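Visitor: Got a structure here, written out as structure tokens. Questions coming.
Bear in mind that the values in this text are calculations on the coordinates, not laboratory data. Quick caveat: nothing in here was measured; it's all calculated off a predicted structure. Don't worry about glycine lacking a Cβ; one is built from the backbone with ideal geometry, like all the others, and counts go over all protein chains shown.
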Amino acid sequence: MELQGKRIVLGVTGGIAAYKAAELLRLLAKQGAEVQVAMTEGATHFVTPTTFQALSGKPVFTDQWDARMPNAMAHIDLSRQADLILVAPASADFLARTVHGLADDLLATMVLARDCPLLVAPAMNRQMWENPATQRNVAQLRADGIGILGPASGEQACGEVGAGRMLEPEEILEEVIAFFTPKLLASKRVLITAGPTFEAIDPVRGITNLSSGRMGYALARAARQAGAAVTLVSGPVGFAAPQGVDRIDVRSALEMHAAVMARASLSDIFIGVAAVADYRVANAAGHKLKKDMGGIPPIELVENPDILAEVAALPGGPFCVGFAAESRNLEEYAQAKRRKKNIPLIAGNLIQDGFGGDDNRLVLFDDKGTHPLTPAPKSELARQLIEHIADLTGTD
Ligand code: PMT
């Protein structure tokens, strides 16, 4: 649970996207956050407070003069208890009122009286978003240190198409988790490889392996949440890129090699998580091989470039982290790979633990020794590995 113990005030303002705030509340609560909802009067025209009360298990506040607050100071009490105020959806009117410090309803008064950070997820018609008044307001909110999440572009409830849609609840959740993550890799550029490679035998067949990409994608997400600019060079896998990560799709080891070498010198940290094929097919057929071609077709293999070793050999290159998946003798083989590729840190895992699933068991090997991590979901191990890298690179 990535938001365990965090206290969040979820402000909901009047707009059709208010119905998505119910799903957002559910996602925040699922990650362990304690959520208190405050609605504007406008929001109650779209969704009733009862919906949010049922999902949060707490009374919902809409009125500054709510008699349930014994001291009649709901705006102070509710904002003082929060680690974050998140307003989603945030209407054009709410943004304008916040810019001017108005305190004409409970939510606006809480925002003005807060001593915690404020994130807002704007949602409005595209013309309202593009209006110079709204753009001025957004610039002022940014200057005041308020985080602006989105908006997204696309089809709007009114039927028009353009910028102004609220980010999806899952995307807002990712931003909230990133907000609470210590920025151990702030302003670092991190390059990561993930997934398998596919070495063609003919146009429809090839040599590949069982890497799902989960470990590499988890690291890309954790690095981005830690404040890095992340580029993910990905072999063929079935996931969307983590939010805010620049993904480059490749298929073969040669394509992965080219994509990495074009960016390695511009990176501060390189993490090779991909299960790169050691060999490719030298005599790959341009047309589909036919069974009746006379005998079993010979497959000639030729060695692929070692991407990690080449990046590690770059003069002034990035801090390099390798992975080693072994079926036995983990320490001996992982350490041998670390020495051979001349890299400061390697993460070892057994193939039965590492390939495929959501969990893993990692042992880190570096100049200081051996660091076994407790078996955990790949997302958690990724967070710990990023902490270890920040520690070794002196960036925390
Ligand atoms: O994708 P998942 O299902 O989540 O599984 C994750 C994983 C098991 C694939 C991952 O945790 C892992 O261990 N990746 C490395 C797999 C491996 O054993 O690689 P290797 O021993 O072939 O290579 C060692 C290191 O050199 C790796 O960092 C690899 O990316 C890199 N390498 C290898 C060969 C090559 N030609 N170029 C490389 O860069």
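Visitor: Among Thr51, Thr231, Thr181, determine the one that fluctuates most according to a GNM of the chain built with springs between C-alpha atoms less than 10 Å apart.
Guide: So, out of Thr51, Thr231, Thr181, the one fluctuating most is Thr51.
Visitor: I'd like the Karplus ³J(HN,Hα) series for segment 380-386: coefficients 6.51, -1.76, 1.60, θ = phi - 60°, whole numbers in Hz, and an x wherever there's a Gly or Pro.
Guide: Listing the rounded values in order: 6, 5, 4, 4, 5, 5, 4 Hz.
Visitor: Now for a different question. Counting only residues 5 or more places away or on other chains, whose amide H sits under 5 Å from the amide H of Met39 once H atoms are built in the peptide plane?
Guide: Val12, Phe61, Thr62
Visitor: Still on this structure: Restricting to DSSP loop positions (anything but H, G, I, E, B) with no more than 15 other Cβ atoms inside 10 Å of their own Cβ, which trypsin sites (Lys or Arg not before Pro) remain in segment 1-105? Before the final figure, lay out each step's value.
Guide: Working: sites: Lys6, Arg7, Lys20, Arg26, Lys30, Arg68, Arg80, Arg97; in loops: Lys6, Arg68.
Filter output for segment 1-105: Arg68.
Visitor: Take the alpha-carbon centre of segment 152-180, take the same for segment 284-309, and report the distance between them in whole Å.
Guide: Answer, in whole Å: 46.
Visitor: Now, a different point. For the chain, find the longest principal axis of its Cα atoms and tell me its angle to the long axis of helix 132-143, 0 to 90°, nearest 10.
Guide: For helix 132-143, the angle is close to 70 degrees.
Visitor: Gaussian network model of the chain, Cα springs within a sub-10 Å range: biggest mean-square fluctuation belongs to which of Ala186, Ala223, Ala157?
Guide: Comparing Ala186, Ala223, Ala157 in the GNM, the peak value goes to Ala157.
Visitor: In addition: How long are the semi-axes of the equivalent ellipsoid of the chain, taking √(5λ) for every eigenvalue λ of the Cα gyration tensor, in whole Å from largest down?
Guide: Largest first, the chain gives 48, 24, 19 Å.
Visitor: Just for the chain, what percent of DSSP beta bridges are antiparallel, to the closest 5?
Guide: Values: 20 of 62 bridges.
Rounded to the nearest five, the antiparallel share is 30 percent.
Visitor: If you average the C-alpha positions of segment 313-346 and of segment 52-124 separately, how far apart do those two centres end up, in angstrom?
Guide: Each part reduced to its Cα centre gives a spacing of 51 Å.
Visitor: Using +1 at the Cβ of each Lys and Arg and -1 at the Cβ of each Asp and Glu in the chain, identify which of Met1, Met39, Leu330 lies farthest towards the dipole's positive end.
Guide: Leu330
Visitor: Over the Cα atoms of segment 189-393, compute the convex hull volume and normalise it per residue, giving Å³.
Guide: Each residue corresponds to 128 Å³ of Cα convex hull volume.
Visitor: Another question, then. What value, in deg cm²/dmol to 500, does the helix sum -39500 (n - 2.57) over DSSP H runs of n ≥ 4 give at 222 nm once divided by the residues of the chain?
Guide: Per the formula, -9500 deg cm²/dmol.
Visitor: Let me ask something else about it. Quick one: of the DSSP bridges fully inside segment 7-180, what percent are antiparallel, nearest 5? Show your work: numbers first, answer last.
Guide: Numbers: 4 of 21 bridges.
Approximately 20 percent, going by the DSSP bridge assignments.
Visitor: Out of residues 5 or more away from Asn360 or on other chains, whose amide H comes under 5 Å of its own, with H placed 1.01 Å from N in the peptide plane?
Guide: Excluding prolines and chain starts, which carry no amide H, the hits are Ala376, Lys378.
Visitor: Would you mind putting 191-197, 52-58, 313-319 in packing order, based on average other-beta-carbon counts within 10 Å, highest first? Write down the numbers at each step before the final one.
Guide: Numbers: 191-197: 27.9, 52-58: 16.0, 313-319: 13.3.
Result, highest mean first: 191-197, 52-58, 313-319.
Visitor: When ranked by the protection proxy of mean other Cβ atoms within 10 Å per residue, highest first, what sequence do the peptides 294-301, 241-248 form?
Guide: 241-248, 294-301
Visitor: Do you know the relative contact order of the chain, to the nearest whole percent, from alpha carbon pairs under 8 angstrom that are 6+ apart?
Guide: Contact order relative to length: 11 percent.
Visitor: Let me ask something else. For Leu301, which sequence-distant residues (separation of 5 or more, or a different chain) have an amide H within less than 5 Å of its own amide H, given hydrogens modelled in the peptide plane?
Guide: Ala282
Visitor: Then there's this: Taking 7 Å along the Cα-to-C-beta vector as the label spot, tell me the Val161-His45 distance in nanometres, rounded to one decimal.
Guide: It works out to 2.9 nm between the two label points.
Visitor: Taking every pair of Cα atoms in segment 90-150, average 1/r, invert it to obtain the Kirkwood radius, and report Rg/Rh to two decimals. Please list the in-between numbers first.
Guide: On the way: Rg = 11.0 Å, Rh = 11.7 Å.
That ratio is 0.94, to two decimals.
Visitor: For the residue pair Asp63 and Glu23, what label-to-label distance in nm results when each label sits 7 Å from Cα along the Cα-to-beta-carbon direction?
Guide: 3.2 nm
Visitor: Angle, helix 169-180 long axis vs. longest principal axis of the chain, Cα atoms, 0 to 90°, nearest 10?
Guide: Tilt of helix 169-180: around 90 degrees.
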